[in-house]
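Chemist: Got a structure for you, questions after.
Here, each number is a calculation from the coordinates, and none is a lab measurement. Quantities reported herein were computed from a predicted structural model and do not represent experimental measurements. Don't worry about glycine lacking a Cβ; one is built from the backbone with ideal geometry, like all the others, and counts go over all protein chains shown.
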Amino acid sequence: MTICQVCGNDISAASLRCRFCGSRQDRDELEQDLRFVKKIINLEQGHPEIAVAFQKLDDGIKNAVKNNIQLLTLIHCYGSSGKGGRIRSECRKNLHFMKSKGLIRDYIPGEDFSRRSGPVKMLLRRYPQLSGDRNLNRGNRGITLVVIV
């Protein structure tokens, strides 16, 4: 079994069309779905300035695209003020912009990384290996997941 690239339903690995939504399935993408690769990028390491953290983020996304990495977990911490750190808030603004320009597929704040969330349900259907992620259902405000493809 594999996942439909459009609706996320389980379909036969040999299917060229989804039996649920009727969309044509790209063989190369079907094979990529079987190879789930996730990487962690620690933007907070060394307590860098925002510009350095952004450069790490940009380099990480470019590397993920180049190497067919499907998902990134960004560690940006929550901030000692209790209101959220500057790297966290600026990082999420940048990710929102990247998503609007089509540079990434989506991003999920750590506090929304829960089985009850619609986008997370779709992500878990596409990548069932993610159900073992230690941050799932923990409400971790110090991370953000980035869906590359």
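Chemist: How much length, in nm to one decimal, is gained on full extension between Asn9 and His47, taken as 0.36 nm per residue of separation minus their Cα-Cα distance?
Modeler: On the way: separation 38, 0.36 × 38 = 13.68 nm, distance 4.17 nm.
Full extension of this stretch gives 9.5 nm more.
Chemist: If you put +1 on each Lys and Arg Cβ and -1 on each Asp and Glu Cβ, how big is the dipole of the chain around its Cα centre, in Debye rounded to 20?
Modeler: Result for the chain is approximately 320 debye, rounded to the nearest 20.
Chemist: Using the basic label-point model (7 angstrom from Cα toward the beta carbon), what is the His96 to Lys39 distance in nanometres?
Modeler: Here the modelled spin labels are 2.6 nm apart.
Chemist: Right, next: Volume per residue, Å³, of the convex hull around the alpha-carbon atoms of the chain? Walk me through the numbers on the way to the answer.
Modeler: Values: hull volume 16.8 nm³, N = 149.
So the per-residue Cα hull volume is 113 Å³.
Chemist: Nearest 0.05, what FRET efficiency do Leu103 and Phe20 give at R0 = 30 Å with Cβ-Cβ as r?
Modeler: Numbers: r = 29 Å, r/R0 = 0.96.
E(calc), rounded to 0.05, equals 0.55.
Chemist: Continuing with the same structure: Could you work out the helix-only [θ] at 222 nm for the chain, with each DSSP H run of four or more residues adding -39,500 (n - 2.57) and the total divided by the number of residues, to the nearest 500 deg cm²/dmol? List each step's numbers first, then the result.
Modeler: Values: 4 runs with 49 residues, N = 149.
Counting only the DSSP helices, I get -10500 deg cm²/dmol.
Chemist: So, one more: How many nm separate the modelled label positions at Arg125 and Asn68, each set 7 Å beyond the Cα in the direction of the Cβ?
Modeler: 2.4 nm
Chemist: Can you give me the Rg/Rh ratio for region 71-149, using Cα atoms for both radii and the Kirkwood formula for Rh? Let's see the in-between values first.
Modeler: On the way: Rg = 12.4 Å, Rh = 12.8 Å.
Over the Cα atoms of region 71-149, Rg/Rh equals 0.96.
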